[in-house]
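*Asks:* Below is one structure. I have some questions about it.
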Amino acid sequence: MQSAEAPDGARVAASPRPTHQVRIGEAEVDLARRRAMLDGRPVRLTPREWRLLELLLQHRPRAMPHAELGERLTADGRPVNTGSVIVHVYNLRKKLGRDAIETIRGRGVRVRA
């Protein structure tokens, strides 16, 4: 554990960051530290892929429609078109394993956790 300096100059121990580890298919994901592993190797996700993954995990086991994901994907509230959401889902599948995200026809997508 590392130490940090308090405003009065005293050294205090920094508290460890909490973890929120989830298994998604064959991948292991730590949302608090933003780390993902597949087959023991780190997986690099873009900020938008992390946001998409967080949304899917927050709403599991419900399948989220692409349009709803597009409305919630950005912090500034500007919607992302459905085609872009589909591409981000595709990229997450490539990075986390094909079985990590499931498409339910007519309903949307969800994580398999």
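The values are calculated or read from the model by the stated rules, or taken from the named source; none is laboratory data. These numbers come from a predicted model, not from an experiment. Glycine also receives a Cβ, built like all others from the backbone with ideal geometry; neighbour counts cover every protein chain displayed.
*Asks:* So how many residues does the range 70-113 have that are assigned to a loop (DSSP other than H, G, I, E, B), surrounded by 11 or more Cβ atoms within 10 Å (Cβ to Cβ) and not acidic (D, E)? Reasoning before the result, please.
*Replies:* Applying the first criterion (assigned to a loop (DSSP other than H, G, I, E, B)) to the range 70-113 yields 73-81, 97-100, 105-107, 112-113.
Filter once more, keeping what is surrounded by 11 or more Cβ atoms within 10 Å (Cβ to Cβ): 73-74, 79-81, 97, 99-100, 107, 112-113.
Filter once more, so that each one left must be not acidic (D, E): 73-74, 79-81, 97, 100, 107, 112-113.
Result for the range 70-113: 10.
*Asks:* Hey, R93 hits all of (1) out of contact with any strand residue (DSSP E or B) (no Cβ under 6 Å at 6 or more places or on another chain); (2) among the basic types (K, R); (3) without any contact (Cβ under 8 Å) to a residue 24 or more places away in the chain but one; which does it fall short on?
*Replies:* Going through (1) out of contact with any strand residue (DSSP E or B) (no Cβ under 6 Å at 6 or more places or on another chain); (2) among the basic types (K, R); (3) without any contact (Cβ under 8 Å) to a residue 24 or more places away in the chain one by one, R93 breaks only (1).
*Asks:* Would you mind stating whether V22 is surrounded by 15 or more Cβ atoms within 10 Å (Cβ to Cβ) and at pLDDT 90 or above?
*Replies:* Answer is no for this residue.
*Asks:* In this structure, does L45 turn out to be at pLDDT 90 or above, within 16 Å of R35 (Cα to Cα) and part of a loop (DSSP other than H, G, I, E, B)?
*Replies:* yes
*Asks:* So, one more: For the range 57-67, how many residues are buried (at least 17 other Cβ atoms within 10 Å of the Cβ) and of a type outside the set (G, A, S)?
*Replies:* Looking only at that region, the number is 2.
*Asks:* Going through L45, L55 one at a time, which residue ends up being among the hydrophobic types (A, V, I, L, M, F, W, C) and in contact (Cβ under 8 Å) with a residue 24 or more places away in the chain? First the steps, then the outcome.
*Replies:* Numbers: L55 fails: in contact (Cβ under 8 Å) with a residue 24 or more places away in the chain.
After ruling out the rest, the residue left standing is L45.
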